Amino acid sequence: MGALGLFIFALALPTQANQVAQSVLGNVVALDSMSNVTSAPVHAISQAVSSAVSSVLTKKGSTTSTSTTTSTPQDNSPLSVENIVDATNKERIKAGLPPLKTNTKLETSAKIKVNDMITNQYFEHTSPSGKTVADLGNEVGYDYVIMGENLALGDFANADDLLQAWMNSPGHRANILNTSYQDIGVYAAQGTYQGQTVWFAVQHFGTERGVCPAISTSLKSSIDSLNALIKKEETDITTIRTQIEAPDHANDQSYSTLINQFNSLVAQYNANVTASQKQIAQYNQQVTTFNKCLSQYQVSKE
């Protein structure tokens, strides 16, 4: 598990124009062998997604079997979505942290994870097909700057019992009390695993990309269009200049018209370069602000 790739985006203009180079660099690491955290740097042009190592929290398991019977928790279930979210937020409030907001997309991703573990009889952050919490977030359309996942499997009496098991694990506890998270989605269901009927439970944490100031796509499009026009003008200026400087050029009204055309085109070219420089400076500021916000959510390797 290494650092995310470095993405560099450059805008280059001829002559007077400045170059723009913006980058986002991030790392992903499991907080310990019992957690899964992933951050997703989103560049103005590129998006990077990574995942962490697998982890297991097991409570009471034994024997062998491949049966996959499941039971969906009802609203009055001791491990209902509402009960698990409430128990989670009680721990955060106890620690002086704001409660997490329930997010329907994260609820969906957590449900997908639970059902997949039961169906395919595994208990890992990475599924047999290679999917991680990052992939599930993308699958349900959760546009995030950071996501995390807690898993549990065992014989839990209620949501408080489940939360205590997670809180007893440093990595899972760190996820529950992570100040970078704003949203939560959970799901739990009973299924047969290795010969016993047990609870499978998943917490998905995250913060949406919208927490950081947006980078204007229309401004980027305007810069691209202006750059294309400037390149065309530069080609036209070079062509006319060649004609003007030709040793056998005419000395009549057509030559004077050519010079006027040249001067007019140069004036327009310079005006467009100046306008593009201003737009690039504005765009750079937006990217800088976004990256500064994004850096708060990067997971550093320890």
Positions within segment 86-99 being open to solvent by less than 10 Å² (accessible area, probe 1.4 Å) and out of contact with any Leu (no Cβ under 7 Å at 6 or more places or on another chain), in sequence order
none
Yes/no for residue 228 being among the small types (Gly, Ala, Ser), over 30 Å from residue 138 (Cβ atoms) and free of Cβ contacts under 8 Å to residues at least 24 places away in the same chain:
yes
So residue 154 ticks every box in (1) at pLDDT below 95; (2) surrounded by 23 or more Cβ atoms within 10 Å (Cβ to Cβ); (3) not charged (D, E, K, R) but one. Which box is left unticked?
(2)
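Do you know which of the residues in segment 253-280 that are of a type in the set (Gly, Ala, Ser) and in contact (Cβ under 8 Å) with a residue 12 or more places away in the chain is least open to solvent (accessible area, probe 1.4 Å)?
By that ranking, first place goes to 276.
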Of the residues in segment 217-237 that are surrounded by fewer than 16 Cβ atoms within 10 Å (Cβ to Cβ) and of a type in the set (S, T, N, Q), the one that is nearest to the chain's Cα centre (by Cα) is 217
Looking at segment 106-134 only, could you name the residues that are buried (at least 17 other Cβ atoms within 10 Å of the Cβ), out of contact with any strand residue (DSSP E or B) (no Cβ under 6 Å at 6 or more places or on another chain) and assigned to a helix (DSSP H, G or I)?
108, 112, 115, 116
Report, by residue number, each residue of segment 75-88 that is outside any loop (DSSP other than H, G, I, E, B) and either acidic (Asp, Glu) or free of Cβ contacts under 8 Å to residues at least 12 places away in the same chain (or both).
82, 86
Index of the failed condition, residue 177 passing every other in (1) closer than 23 Å to residue 295 by Cα; (2) modelled with pLDDT of 95 or more; (3) open to solvent by 50 Å² or more (accessible area, probe 1.4 Å):
(3)
Considering each of 246, 201, 228 in turn, give the residue that is modelled with pLDDT of 90 or more, among the small types (Gly, Ala, Ser) and out of contact with any strand residue (DSSP E or B) (no Cβ under 9 Å at 6 or more places or on another chain).
228
Scanning segment 204-216 for residues that are open to solvent by 30 Å² or more (accessible area, probe 1.4 Å) and either small (Gly, Ala, Ser) or without any contact (Cβ under 8 Å) to a residue 40 or more places away in the chain (or both), the one farthest from residue 293 (Cα to Cα) turns out to be 216
Only one of (1) aliphatic (A, V, I, L, M); (2) outside any helix (DSSP H, G or I); (3) surrounded by 12 or more Cβ atoms within 10 Å (Cβ to Cβ); (4) over 17 Å from the mean Cα position of the chain (by Cα) is not met by residue 250, so which one is it?
(3)
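The values are calculated or read from the model by the stated rules, or taken from the named source; none is laboratory data. Predicted model, so just to flag it, every value in this text is computed and none were measured. Here the Cβ is made from the backbone with ideal geometry for all residues, glycine too, and neighbour counts use every protein chain on show. Please note that ligands, DNA and RNA were not included when accessible areas were found on the heavy atoms of the full protein model with its side chains. Shrake-Rupley method; radii C 1.70, N 1.55, O 1.52, S 1.80 Å.
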